[in-house]
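Please read the structure below before turning to the comments.
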Amino acid sequence: QRGGFDHYMLKEINEQPAALDRAIKGRITDDKDVHLEEFPPGTFEDVGVVHLLACGTSYHAALYAQQILADRGIPAQVFSAGEYTTTPAPVTDDTLVVAVTQSGETADTLSSIRIAADRGARTLAVTNVIGSTAARVCDDALFIRAGPEIGVAATKTFSSQVAVLALLAERIAEDVTGAVDPDREALLAALTELPGHVEQTLNQSSAEALATQFINRDEQFFIGRGVGYPVALESALKFKEITYEHAEGFAAGELKHGPLALVTSDTTVFAVFTGRHDEKTLKNVEEVRSRGAPVVAIAAGTDHEIAEAADEFLSIPETHPVAAGLLANVQLQLVSYRVADLLGRSIDKPRNLAKSVTVE
Ligand code: F6R
């Protein structure tokens with residue numbers, strides 16, 4: 001059932017090329033246009049602002065989408081669904097509320113959708129499960145087609161959520177602005193190449209060889225900027241979930257505003273580089289290295305400056321920054337998996353966690 005893999009998580013990490021292929025299939029035309037069957041051009045022309053509601057890994061996918069929307073000039077805000085049920089954001093009739101939920105059954109997310117809908121917002125579920133509650137209660141649904149995910153730790157569904165949200169962002173941006181952003185062609189080309197790039201990343205990853213260095217450390221920090229920031233948060237969540245070791249994700253620029261006080265030679269710092277403002281993240285790498293912390297950089301294999309600035313290097317193919325973040329995330333999924341495996345953890349069913357959280 002696990003297809004020869006020791007754990008569902010590893011199987012699902014390796015299923016990402018196929019899952020991404022399904023996520024984008026038929027949704028990017030040959031001339032690099034977005035084609036969402038459910039949402040023809042003009043569907044979103046009345047949207048003024050996008051609110052994204054989600055929990056956990058899906059929350060990180062929502063943060064990723066916020067960055068893509070911001071790049072396209074579309075105001076977007078992300079809310080942790082549990083917080084939203086406490087303090088709902090004001091909505092108007094031009095607010096599009098997008099619920100991001102793999103299972104479509106997360107109680108906090110469902111409650112927050114109902115609150116937003118009661119207040120008059122238009123709702124859209126981005127989910128993996130056809131017939132899920134989120135798909136049924138929202139005005140519209142967009143499916144990520146990742147296939148069943150058994151491992152409690154979300155892996156392939158994160159990648160597929162981001163890919164599908166990127167397409168949705170392009171549709172919304174074109175409808176709202178009436179124009180096609182000059183960067184769109186490059187982004188869609190990168191998404192088309194993404195399944196192959198993930199395959200390459202999986203085949204060439206040195207995460208397993210490095211993993212022994214990352215056990216029995218005080219803590220691990222994950223840093224990134226732009227879409228590298230949600231990747232840092234997601235990678236830290238994955239690390240803590242399955243290794244039970246302390247990990248935190250930070251926006252790279254935030255380090256010096258406090259967390260730097262924690263950095264010692266016993267802190268491993270994973271730095272995500274996406275090709276955008278890498279020079280700033282390199283400065284953050286210097287900040288932690290000068291406190292003795294070993295740095296693992298995740299960046300395009302062609303970037304020798306970054307490779308030389310770090311102690312260890314996990315290489316990804318060179319691509320658009322939005323796709324680069326996902327490739328870095330794949331490398332860091334493998335890191336968490338390998339460390340958890342070395343520590344003999346219950347990888348597919350981590351202690352205290354459930355695949356679908358149906359209580360608030
Ligand atoms: C982490 C993880 C959880 C879920 C969260 C939301 O690996 O799986 O954080 O992402 O419980 O679940 P969904 O996406 O089903 O709403």
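Here are the numbers for this structure:
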quantity	calculated
Charge context of Arg291, other residues only, Cβ under 15 angstrom, K/R +1, D/E -1	-2
For the chain: relative contact order, % (alpha-carbon pairs under 8 angstrom, 6 or more apart)	19 percent
Degrees, to the nearest 10: 184-204 long Cα axis against longest axis of the chain	40 degrees
Net charge of Cβ neighbours under 9 Å - reference Gly3; Lys, Arg +1; Asp, Glu -1	+1
Rounded to the nearest 20 debye, dipole of the chain from Cβ charges on Lys, Arg, Asp, Glu	900 debye
Nitroxide proxy distance, nm - points 7 Å out along Cα→Cβ at His304 and Gln204	1.6 nm
Crossing angle, helix 278-289 versus the chain [Cα axis fit, 0-90 degrees, rounded to tens]	40 degrees
Separation of alpha-carbon centers, region 169-226 and region 276-309, rounded to whole Å	17 Å
Residues of the chain: accessible area per residue with a 1.4 Å probe, Å²	39 Å²
Cα-based Rg of the chain normalised by 2.2 N^0.38 Å, two decimals	0.94
Residue-by-residue Karplus 3J(HN,Hα) for region 221-228, coefficients 6.51, -1.76, 1.60, Hz, glycine and proline x	10, 10, 10, x, 10, x, 5, x
Unsatisfied cross-links (Cα-Cα over 27 Å) in the set Lys32/Lys238; Lys11/Lys355; Lys25/Lys156; Lys32/Lys280; Lys238/Lys280; Lys11/Lys240	Lys32/Lys238; Lys32/Lys280
Residue-level accessible surface for Glu208, protein heavy atoms, 1.4 Å, Å²	120 Å²
0 to 90° range, to nearest 10: angle between helix 321-342 axis and the chain longest Cα axis	50 degrees
For Asp46, net neighbour charge (Lys/Arg +1, Asp/Glu -1) across residues whose Cβ lies under 9 Å away	-3
Of all accessible heavy-atom area on the chain, the percent that carbon and sulfur account for (1.4 Å)	47 percent
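The values are calculated or read from the model by the stated rules, or taken from the named source; none is laboratory data. Remember, it's a predicted structure, so these values are computed and weren't measured experimentally. Virtual Cβ from ideal backbone geometry, glycine too; neighbours counted across all protein chains shown. Just the protein is used for accessible areas: all its heavy atoms, side chains included, with ligands, DNA and RNA removed. Shrake-Rupley method; radii C 1.70, N 1.55, O 1.52, S 1.80 Å.
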